[in-house]
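Worksheet for the structure shown next.
Read-outs: derived from the displayed coordinates by stated rules, not from any lab. None of the values given here were measured: they were computed from a predicted structure. Positions of Cβ are generated from backbone atoms using ideal geometry, with glycine treated the same way; all protein chains shown enter the neighbour counts.
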Protein chains: 2
Amino acid sequence: MVYVASPYYVTTSDLSSKRRQPDLSRHLSAEARARLPNPIKSIWKVAQVKPGTINMGNGDPHHTLYPIGEMNLVVPSIHEQDPVQAWRIGTGEQQTVSSYRDEPCALSLKTAMAYSAGAGLKHVRDALAELNDRIHAPPKHTVTLSLGNADALTKCFRLLGDPGDSFLCEEFTFSAMTNAALPLGINWVPIRMDKDGLIPSDMELILANWDEDSRGKRPHVLYTIPCSQNPTGSTLSLERRRQIYQIARDWDVIILEDDPYFFLQYDLDIRQTTIERYGFFRAMADVLPRSFLSMDYDGRVMRLDSFSKIIAPGMRLGWVTCNEFLAEKLDMLTDSSSQHPHGFGQAFVSELLGSRGWGTDGFMKWVASLCREYERRRNLFMDVFERKVAGSGLASAETPQSGMFVWIKINLDLHPRYKELEHTKLLVGPVSNTAELMDELFRKLLECGLVMMPASTFAIVDRSGCVQSESHIADRVNYFRATFVGTDKTIEDGLAIFGRGLEEFFCY
Amino acid sequence: MVYVASPYYVTTSDLSSKRRQPDLSRHLSAEARARLPNPIKSIWKVAQVKPGTINMGNGDPHHTLYPIGEMNLVVPSIHEQDPVQAWRIGTGEQQTVSSYRDEPCALSLKTAMAYSAGAGLKHVRDALAELNDRIHAPPKHTVTLSLGNADALTKCFRLLGDPGDSFLCEEFTFSAMTNAALPLGINWVPIRMDKDGLIPSDMELILANWDEDSRGKRPHVLYTIPCSQNPTGSTLSLERRRQIYQIARDWDVIILEDDPYFFLQYDLDIRQTTIERYGFFRAMADVLPRSFLSMDYDGRVMRLDSFSKIIAPGMRLGWVTCNEFLAEKLDMLTDSSSQHPHGFGQAFVSELLGSRGWGTDGFMKWVASLCREYERRRNLFMDVFERKVAGSGLASAETPQSGMFVWIKINLDLHPRYKELEHTKLLVGPVSNTAELMDELFRKLLECGLVMMPASTFAIVDRSGCVQSESHIADRVNYFRATFVGTDKTIEDGLAIFGRGLEEFFCY
């Protein structure tokens, strides 16, 4: 590849650096640019120069007055052959993960329960950076803590988005998050998808054809969910990831890699010999998908990881991995809003990943065991789907490779009341009654006692007014998002209702 | 009092309502107005109508897969005569506060560790609403959880502030928070203070003289720290609170009552007979200061409470009490950002305040015991200050009635290099070299091994350009904020350094 001089890149003074670093400052919102360092912390930086200095400045409660001496969490023993199965059916051994205020442990409650920096405690950040390094081997990145991916992502929106900015996203996406950006004045520009996720050529087309005079600043941020895309369940191939990263380089786009389902991968070819020789961590790291982070020499990826799907949603703890420049700005926003993450979670993660807890290898053993359990549920779902739904030909679904969702296509063109107008190039609205029929079907299923999420809930309408795509998204909302993470009974009963409801709806 | 028709009030259709409710919607920021309900949650509201409905919509991990079966926190036994003393010196009994996933407890880990609403779980909100009711007896308010007061306050800024808005605050205030509002385009208008806190007549003067043509929208928000004001340590009298609330009514101002030090009050006249007859809760509630919330018939107060000072800062849990309308908007912002508070804290608070933990009465016994311990430290601080500092006449301090801070005045006019220009009405800048000398003194103390927070760190400069006040704040920064919450040794050694350093600085 030939490097072409581009206004997006600055040459570093270090001549040995083969790659030029992009100037990331152009991506910051006016709010992020205007943020000042905390004056009280600045004073402290001055004061830290001399060891032994007496601090009468800060009003921090003394740790001898914290009424918490010890925290114990009872977790599955990681020495079980298949810890998730043993835990689930209640036959497994348990172990206790303990944090103390006054006794030695990985992270003292003295520290965990005190005020600290928004980025989180060094011990926890280092532990997560080690996980990262062994999975993604990211080139020169910083780890900073979050309160889970919703917290992290909405902070990234504030960090990067000014009113009037346009951001790219998948045309069906996690609308709770895209909606959170709307009051900030961010416009979403949907990228077309197929069964393998977002289509790189469509992303390039949008960027290349963007007219800044009529549409404002060209999109400089892509929000994507690469594994088990929510709601479509698709996982981006390595080939597509490379193409997308290259397009992001060409057009200087920041990638928000929201990857809460990353650790839940199925049909993995985990090598028993690798487990035996090097342990679970290496065996899993060998087969997990390659992240955008792993190819990010520019520092344009902000990767968001979470414990919500692999431990529990109530953890409210995750981590953001990104370039140091963006990390610093993110941390300043955290210091000016939610502040440092809770001490409970930081202490728990430290002990769980530490030598007296599961350790990093045990953590990956849990993850591998969890993947097997969810894979079993996915297989059950697809089997029951085949038996009770697909036979009628009224619906079909791809088998998801990761995560929690199946994207069920309703073959609405078989419905007796399905109508399609003749397609003309002039038409900008929907050309069929897909949306109306799907709404009817959703209500029909609800009457039968089943909720699936209608695709319309996740559809991003292109508001640019330009007819870029061949069809309106309202003509493509003939899908439901269903989950296979419920109990076996939920899967059996739910899909039975679904199959019957569909047939009644189609008047078979 | 005669009710005068005002554009700020709307008459409710309920004729039995003696008070008209103000129209709070005018206070919302453009961002808050533009926020839409989460479409996924809206679908769920539809789906909740029919019990027994099977949910295949949401991708929530099943609770049988949370690897946390039990959480135990070791806390001081509340049956000790003086629990803080016994805990601090390590002689006291302990008790264990436990939460379970599968066994009965106040708040199951099944619920605490699942996804939930941003406002927090009903059980926790109800427990805190009960605390509130018994202390403040607020007229018709809603409790919603926060991640501590910084989180709550910065969310309130986003909820109420548009770029160009002016908010009122004390002229010395917690600048980490006021700075957090600056990137949102909020301008701070300082209200003059004396030793008893913000001066109501100055607040009224600012509002009455406000020229909307030259200065934009009249301030519609007051940010105040009524107890142990940070940094000045002053506590507003009931008389001042009533005046401030009335001014807020007259000019339709929302009061952000940031009260993290509320529970740390000294020289309280707690009646032993009340404790014996009704318990600690009632005895404490009888003598704690009256909050703005307690007098808030309009619903214009947003009160922010926190566990940071009475349990530990790492709790990252607090609660906001306000009008239902504002609470709903705040919850929508939380759902679109940090999401629900962590399950650890919600579970812990539920058990601690529950019948198998301290209970609410035990909680107040801990608070009373903590007040005694901090009162002892405050007394020690003031004694040592008298002995080692005040004798020289170079510095003086009022005894704080609450919180953690002493506001030490430096009698800089005694310094041989102190200079004052002749005061003229035309002068808008500082007329003395106070700021320079204080900076010199700060560095001098730092060299001696002591950090106190210089007043300049907290000073809000009036940027209106109007000479409202008689003097520039830079002429009034001859103060340090010192804390008395450190150990006895810190107090003794720190003030000894301070006394010597001061004398050297003044060349005695």
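So here's what we get for this one:
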read-out	value
Relative contact order (%) - criterion: Cα under 8 Å, at least six apart; region: chain B	18 percent
Linear extension gain, A:D250 paired with A:Q81, 0.36 nm per residue minus alpha-carbon span	56.1 nm
Sites matching GluC sites (Glu not before Pro) across segment B:327-422 that sit in DSSP coil, with at most 13 neighbouring C-beta atoms within 10 Å	B:E422
Neighbour-limited loop hits for GluC sites (Glu not before Pro), segment B:50-114 (at most 14 other Cβ within 10 Å; DSSP other than H, G, I, E, B)	B:E93
For segment A:373-416: rounded, prolate or oblate by the Cα gyration tensor [a/c cutoff 1.5]	oblate
When the convex hull of its Cα atoms is projected in every direction, mean area for segment A:101-342 (nm²)	14.3 nm²
Positive minus negative residues near A:E447 (Lys, Arg vs Asp, Glu; Cβ under 15 Å)	0
Overall Cα dimensions of segment A:374-505, principal axis frame, Å, largest first	48, 31, 22
Dipole magnitude of chain A about its Cα centre (Cβ charges: Lys, Arg +1; Asp, Glu -1), debye to nearest 20	980 debye
19 Å Cα-Cα reach of A:K50 towards aspartates and glutamates, excluding residues that sit fewer than 8 places from it in its own chain	B:D439, B:E440, B:E447, B:D493
Debye, to nearest 20: dipole size of the protein assembly as shown, +1 on Lys, Arg Cβ, -1 on Asp, Glu Cβ	180 debye
Placed amide H near A:I54: partners under 5 Å, 5+ positions off or other chain	B:L450, B:V451
Residue-averaged 222 nm ellipticity for chain B, from DSSP H runs of 4+ at -39500 (n - 2.57), nearest 500	-11000 deg cm²/dmol
Backbone HN-Hα couplings from phi across segment B:401-412 [Karplus 6.51/-1.76/1.60, Hz, Gly and Pro as x]	8, 7, x, 9, 10, 10, 9, 9, 8, 9, 7, 5
Reduced Cα scattering model of segment B:91-147, Debye log10 I(q)/I(0), q = 0.16, 0.19, 0.21, 0.23 Å⁻¹	-0.67, -0.83, -0.90, -0.96
Rounded to 5, percent antiparallel among DSSP beta bridges of chain B	70 percent
Cβ-defined net charge surrounding B:C322, 14 Å radius [Lys, Arg +1; Asp, Glu -1]	-3
Rounded tilt (10° steps) of B:434-448 against the dominant C-alpha axis of chain B	80 degrees
Inter-chain Cβ neighbour average for residues A:482-494, partner chain, 10 Å	3
Within segment A:374-505: Cβ-based charge dipole about Cα centre, in debye rounded to nearest 20 (Lys, Arg +1; Asp, Glu -1)	240 debye
Other protein chain Cβ atoms within 10 Å, averaged over every residue that makes up B:339-349	6
Chain A: Cα Rg divided by the 2.2 N^0.38 Å rule of thumb	1.06
Computed lengthening from A:V461 to A:A137, 0.36 nm per intervening residue step minus Cα-Cα distance	113.0 nm
Whichever lysines have a C-alpha closer than 21 Å to that of A:K388, once near sequence neighbours (fewer than 8 apart) are set aside	A:K409, A:K444, A:K489
Proximal lysine pairs, segment A:101-342, alpha carbons under 26 Å, eight or more residues apart or interchain	12
Mean shadow area of segment B:338-402, taken as a quarter of the surface of its Cα convex hull (nm²)	7.3 nm²
10 Å Cβ neighbours from other chains, averaged over peptide B:201-210	0
Extreme residue, positive dipole direction of segment A:114-210, given options A:S146, A:V124, A:N209 (C-beta unit charges)	A:V124
Backbone N within segment B:471-508 under 17 Å of label point (7 Å from B:E440 Cα along the Cβ vector)	B:475-479, B:501-508
Amide H contacts of A:L147 (H built 1.01 Å from N, under 5 Å, at least 5 apart or other chain)	A:A152, A:G318
Diffusion constant of segment A:72-186 at 10 °C, which comes from Stokes-Einstein with the Kirkwood Cα-pair radius and 1.306 mPa s, µm²/s	87 µm²/s
As computed over segment B:251-391, the Cα convex hull volume per residue (Å³)	178 Å³
Global size of the protein assembly as shown as Cα Rg and Dmax, reported in angstrom	30.1, 102
Mean Cβ count within 10 Å, highest first, over the residues of peptides B:308-317, A:30-39	B:308-317, A:30-39
Net charge over other residues, Cβ less than 9 angstrom from the Cβ of B:I225 (K, R count +1; D, E count -1)	-4
Long-range amide H partners of B:S432 with built H, under 5 Å	B:L421
3J(HN,Hα) from dihedral phi, segment B:357-374, Karplus parametrisation 6.51/-1.76/1.60, rounded to Hz, x for glycine, proline	x, 6, x, 5, 5, x, 4, 6, 5, 4, 4, 5, 5, 5, 4, 4, 5, 5
